[in-house]
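Below you'll find the structure, written out as structure tokens, and then a few comments.
The values are calculated or read from the model by the stated rules, or taken from the named source; none is laboratory data. Note that the structure is a prediction, hence the values are computed from the model and not measured. As a convention, Cβ positions derive from the backbone with ideal geometry for all residues, glycine included, and neighbour counts pool all protein chains shown.
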Amino acid sequence: MKRQTGIFWALPLAFILFASQTVFAEDLSADQLGALESVGIPPYPGSTYTTGDDEIATIMWFKSKDSPDEIMDWYKDNLFGWSETDVNDSRIIYKGSEGIETKDLSTKAYVWARTTDESGVSTDSEITIHIPE
């Protein structure tokens, strides 16, 4: 009987701990939102923030259930005056004029979405937002 009671309490506790780790894009810190606003990039609706890095540039990663094409279409419609390029069959939307060379992307703010599971089992996408220093 004690073993069943332990399982009864462990499952809800695990769910609460997991759920508390989820940060929706709308719930980012003031610094994170400020970085996005500084280049005019809105968080993708319904996405969740997974991690970030600010060593050389501010890079934020988000996760979404939508496909990379849906995500990139949304950004293309919402980032006015931004350009699009194709790198290794992936669409990248960047702040700047058309015709950028791939080597120069690191100097631009950009958004890129890719599938997180190449096997096709998962439909989750990862959104990368790069904001140069």
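Laid out as a table, the results:
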read-out: Neighbours by Cβ (under 8 Å, 6+ apart or cross-chain): first from segment 37-48, at positive phi and assigned to a loop (DSSP other than H, G, I, E, B); second of a type outside the set (Gly, Ala, Ser) and at pLDDT 90 or above; value: GLY40/LEU79; GLY40/LYS95; GLY46/LYS65; GLY46/ASP66
read-out: Single condition TYR75 does not satisfy, out of (1) at pLDDT 90 or above; (2) of a type outside the set (D, E, K, R); (3) in a strand (DSSP E or B); value: (3)
read-out: Scope segment 49-72; condition among the hydrophobic types (A, V, I, L, M, F, W, C) and part of a loop (DSSP other than H, G, I, E, B); matching residues; value: ILE56
read-out: The listed residue being touching a strand residue (DSSP E or B) at 6+ places or on another chain (Cβ under 6 Å) and of a type outside the set (Ser, Thr, Tyr), out of VAL87, VAL39; value: VAL39
read-out: Residue ID - modelled with the lowest pLDDT, chosen from residues in segment 37-64 that are within 10 Å of ILE131 (Cα to Cα) and hydroxyl-bearing (Ser, Thr, Tyr); value: THR58
read-out: Candidate set from segment 50-66 (those that are of a type in the set (Ser, Thr, Tyr) and touching an Asp or Glu at 6+ places or on another chain (Cβ under 8 Å)); member that is nearest to ARG114 (Cα to Cα); value: SER64
read-out: Residue match in segment 86-106 (condition: assigned to a loop (DSSP other than H, G, I, E, B) and at pLDDT below 80); value: no
read-out: Selection status of GLY34, loosely packed, with under 13 Cβ neighbours inside 10 Å and in a loop (DSSP other than H, G, I, E, B); value: no
